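The values are calculated or read from the model by the stated rules, or taken from the named source; none is laboratory data. Keep in mind that this is a model prediction, so the values were computed, not measured. All Cβ positions, even for glycine, are placed from backbone atoms using ideal geometry, and neighbour counts span all protein chains on display. For the accessible areas, the whole protein counts, side chains as well, though only heavy atoms, and no ligand, DNA or RNA atoms are used. Shrake-Rupley method; radii C 1.70, N 1.55, O 1.52, S 1.80 Å.
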Amino acid sequence: MSMSAYYQTRAAHHGVVTSDWLAQSQEAATRAVVTGGQEIVDGGKSGRAFSVIDEFNNWRKQPDLAEAVAAIRALAAVIRNSEAKTMMELEIELKKASDSLKSWDTTSISLTAGCDLFMRYVTRTSALEYEDFNSARSRLIERAEKFGEISYKARKIIAMLSQDFIFDGCTILVHGFSRVVMEVLKMAAQNKKLFRVLCTEGRPDRSGLRLANELAKLDVPVKLLIDSAVAYTMDEVDMVFVGADGVVESGGIINMMGTYQIALVAHSMNKPVYVAAESYKFARLYPLDQKDMGPALRPIDFGVPIPSKVEVETSARDYTPPQYLTLLFTDLGVLTPSVVSDELIQLYL
Amino acid sequence: MDARRVSQVVPKVRQVGFVTHSDPNPPPQASRTQSVPIESNSGTPYDSPDFSPVMIPPPRHHSENLSHLRSAAVAVPESSSRRPMWDDRVAVVGSYNPGNSLLGQPVSPNSSEVNSEASTTLGWFGRNSSGKFSAGSSFPGGGFDLTTVKMENFTQLEGKKPEAVPGKGGGGGVEVNNRESSSNTLKAKTTKAERRETQEAQRAAKAAGKAQGNKPVAAAGGAGPSNILRQPSQNRDDPAVGSTIAGSDRRGGDRPPERERKKDVPPPRMQFDDQGRVNKSKKRAVFNQPEAKNRVELFRHLPQYEHGSQLTDLESKFLELDSMHPAVYKVGVQYLAGDVTGGNARCIAMLRAFQEVINDYSTPPGKTLVRDLTAKISSYVSFLIECRPLSMSMGNAIRFQKSRIAKLPLTLSETEAKAALCNDIDRFINEKIILADKVIVRHAATKVRDGDVLLTYGSSCVVEMILLYAHELGKQFRVVVVDSRPKHEGQALLRRLLAKGLSCTYTHINAVSYIMHEVTRVFLGASSVLSNGTTYSRVGTACVAMVAHAFRVPVLICCEAYKFHERVQLDSICSNELGDSNDIARVPGRPDVNSMDNRTNEKNLQFLNLMYDATPSEYVSMIITDYGMIPPTSVPVIVREYRREYLLI
């Protein structure tokens, strides 16, 4: 079965590997390269476009780098290697590269959002400035480079903003392995706050185990739960912290499978749900229900062979509507879900 | 008045929300409109006993609620008369009593202390202001810097009074609203100095002459287009000040509405339970409509006429109405007869009629094109209102139109000006309606999947376009059309869909909860979407949306952005339209159920035929506009970001 490349990457980052997954990823990797090559048959630019995907893959492999940042770095590389002489030409090249990146993995929201963001920045600057081409170009490159730092700094900003919400003696429930949430907890631990973390196992990629590992290294008391034990332990939880793969226009989030469930339970028990997400994850999507998004599949290893007539729900992510979220911590500040649309309108319209 | 004021004990009470004072202070007639300084308004911020409690507050309140800054004032009232008021007023600082606070505030545009005082009294809604308050520290004619609240400055203000401080709109008749658009701020700033001089001159003259109620109209601050000016609207009979969307007669005893202000926020609809106003408006009416006799008490503030004779009456007046342009007359008759219905259709018909008016227009000698044309348009608008009350889309279009006229550079020749205006109308129709619809259809079609069951209510042109487009794209879905009496608008939609080959189900609204379980999406149209996300549309929509919400079916409202409005409405009562009660009493073609038919005048029985209702935002999942798909909470963002843009095109 096909596997979403995005989740492949994440699994790679987490380093939680199963033999099954390995085999599939090998296969997927070769397939990706092939399709990557096939897509790029546009007149004369095949060499360059191909390298966009390559560049992107290179950047992506770094565990600490967000997808969107990797994409933007790849686009910066496109600018650097481009032979265009005018802004218009450069824009067109970039558009092509961005499209090919997006189509290479249609399921990754932050990738799409990152590309869109950068393209938006490009069109805006090229429209406004009448300076000469080279300086514009170098400015674009510089901006793209800065983006990487922005991402890293964004995490720090978010961590700082959320410190006020973590009080001594609190119990935090965490789902999925988000690097932003990790940063938040790390900073809290460094600030000598006393709190404990309950983390869900996060099947099927079991990212919760890795998270528990990391937290244990920081001497934070951690307790592992299986996914089904969330409602059982929700009583003793003070707040829920999750990251986001993407933040959609309604203010809801798209995140690892299980987030919606946890948000529902938390909401019914009046526990706040906090989302930590950088602002470049804001995407112009608006799902109406769970099935309204593009599918992102991830094979599940049950440990025992499943007969072929049994279907398996392999979706890797779900959509949490904004009414179940309390606050969003972003590098733009602490926002309520309805502000997301405001930001997107200002950015894109 | 002074006596009353002085004896009033004004507690330091912060009054929140709109307050009706039962002060028996009937608004003086003509003089009131002008500068009536604070006197007239001290106790009654809200103009008056005329207004019944259920009415929509007059524009100034609106704008306050929306925290717009007022732009301007009329001439500064004399300082002496103002003095005593300040004393009273000091105690009321911070109270949401616009009348008190704004009156007679001679805020010097450049004087920060004065500004901050102004801000003091306005501090309350200053703090609540959203958005554009950051506009400079000084506002042209009347804005206030609401950033700080300093009470002690109040006393300074008194000291300032006697000096020739250019009054900022304080003057009576002024609307207490602070309506300031940043564009006005910018524009006004350039002419502030000139205006200040003229204002000072006027003040001096006024103080000397003690004349009242006259406004230094064009003379004042003559610089710049009249729209920056505080134009006191003379009397309600002065059409030039026009811009009243709802007919200048409404302004009646009101303060002179300023043009910019009117551009920003439409004047309140006339409340028909005020007999005096109704009588006055009748005198100006183009044709006579007898009012319905047996009206529901709660809806007395809305106009209701005997429908039987209206059309024949109007037709008979055809040859007598030489002041009426035939195109406008035609549109009016079409509205009355119900031939043209639907927000977009009505708006386009009206704009096309205005185009013809403009083409045929020639400036009479001795008048300027801008003023005269605006006056003409206002009178035509009043006529159209008599035929059928305006929809919000029409209101916005008229506002746009008037602002375009007002912005015409004075150097243009008449033909050029006319061509420019016609062009603008074309562009408006094209961009805001036709192209907008195309964009909406494109967005909405992405939300239709194979196997969907789509429900729609009534007949919305945009929804029809969406369904047809999705069908053309080859998506497999079926449609449920929900309809209701008395208009049965869904039947026309049903016919057109069937003609194109869509599979449809037709039902009435009483079965909507029965059929909702099989529905996957609900598409609804809207007459307007208000700033709190409330959708104002055909009566019955709220029901459908509520049932859909209960069944967790997503509700998508499809509405062009030009129909968005800054108003906020909490229920369907305060503003609505009443239709013909005979339509409810009678079921055509069914003599056996017509027992109600002749009982419309019975004392114990009242018929209520509402045309619109308000759907709360929590039932709406998403609004599809030409700006994309937005959540209902983002409507004020669109209004904020784009209202300026198209008014300033």
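Quick look at the numbers
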read-out: Length-normalised contact order for the range B:521-616 - Cα pairs under 8 Å, 6+ apart - percent; value: 38 percent
read-out: Inter-centroid distance (Cα atoms) of the range B:325-387 relative to the range A:315-349, Å; value: 45 Å
read-out: Positive-end extreme of charge dipole, the range A:294-345 - chosen from A:Ala296, A:Tyr324, A:Pro337 (charges on Cβ); value: A:Ala296
read-out: Distant-in-sequence amide H partners of B:Phe564 (H built 1.01 Å from N, under 5 Å); value: B:Val529
read-out: Difference of contour (0.36 nm per residue) and Cα-Cα distance, B:Tyr506 to B:Arg552; value: 14.4 nm
read-out: Residues A:Leu264 and B:Arg485, FRET efficiency given R0 of 35 Å [Cβ-Cβ distance, rounded to 0.05]; value: 0.30
read-out: Solvent-accessible area buried by B and A, counting both chains, probe 1.4 angstrom, square angstrom; value: 1400 Å²
read-out: Sulfur and carbon atoms: percent of accessible area, the range B:539-635 [1.4 Å]; value: 53 percent
read-out: Heavy-atom accessible surface of the range A:85-202: percent carbon and sulfur, 1.4 Å; value: 58 percent
read-out: Estimated inter-spin distance, A:Gln323 and A:Ser308, nm [label 7 Å along Cα→Cβ]; value: 4.4 nm
read-out: Shielded residues, the range A:320-349 - accessible-area loss of 50 Å² or more between chain alone and all protein chains, probe 1.4 Å; value: A:Ile345, A:Leu349
read-out: Theoretical FRET efficiency, 1/(1+(r/R0)^6), r = Cβ-Cβ of A:Lys95 and B:Ala205, R0 45 Å, to 0.05; value: 0.10
read-out: The range A:99-255: Lys pairs at Cα distance under 27 angstrom, eight or more positions apart or on different chains; value: 19
read-out: J(HN,Hα) series, the range A:151-167, from Karplus relation 6.51 cos²θ - 1.76 cosθ + 1.60, nearest Hz, glycine and proline x; value: 4, 5, 5, 4, 4, 5, 4, 4, 4, 5, 5, 7, 4, 5, 8, 9, 10
read-out: Stretch gain in nm, segment B:Glu356-B:Gln606, where the contour uses 0.36 nm per residue and the Cα spacing is subtracted; value: 85.8 nm
read-out: Residues losing 30 Å² or more accessible surface upon assembly, the range A:271-303, compared with the chain by itself, 1.4 Å; value: A:Tyr286, A:Leu288, A:Asp289, A:Asp292
read-out: Zone residues, the range B:412-452, relative to B:Tyr469, backbone N less than 15 Å from point 7 Å out along Cα-to-Cβ; value: B:431-449
read-out: Protection proxy ranking, peptides A:164-170, A:241-247, average beta carbon neighbours within 10 Å, highest first; value: A:241-247, A:164-170
read-out: Ranked order, A:Glu67, A:Glu236 - accessible area, probe 1.4 Å, largest first; value: A:Glu236, A:Glu67
read-out: Surrounding net charge for A:Leu161, when Lys and Arg each add one and Asp and Glu each subtract one, Cβ distance under 14 Å; value: -1
read-out: Estimated inter-spin distance, A:Arg120 and A:Leu347, nm [label 7 Å along Cα→Cβ]; value: 0.5 nm
read-out: Chain-alone versus full-assembly comparison, the range B:613-638, residues with accessible loss of at least 10 Å² (1.4 Å probe); value: B:Ser621, B:Met622, B:Tyr627, B:Met629, B:Ile630, B:Pro631, B:Thr633, B:Ser634, B:Val637, B:Ile638
read-out: Dipole magnitude of the range A:144-224, debye to nearest 20 (Cβ charges: Lys/Arg +1, Asp/Glu -1, about Cα centre); value: 100 debye
read-out: Per-pair calculated FRET efficiency, R0 = 25 Å: A:Arg139 and A:Lys85 via Cβ, rounded to 0.05; value: 0.95
read-out: Mean Cα-pair separation over length for the range B:351-473, i.e. relative contact order, pairs under 8 Å, 6 or more apart, %; value: 27 percent
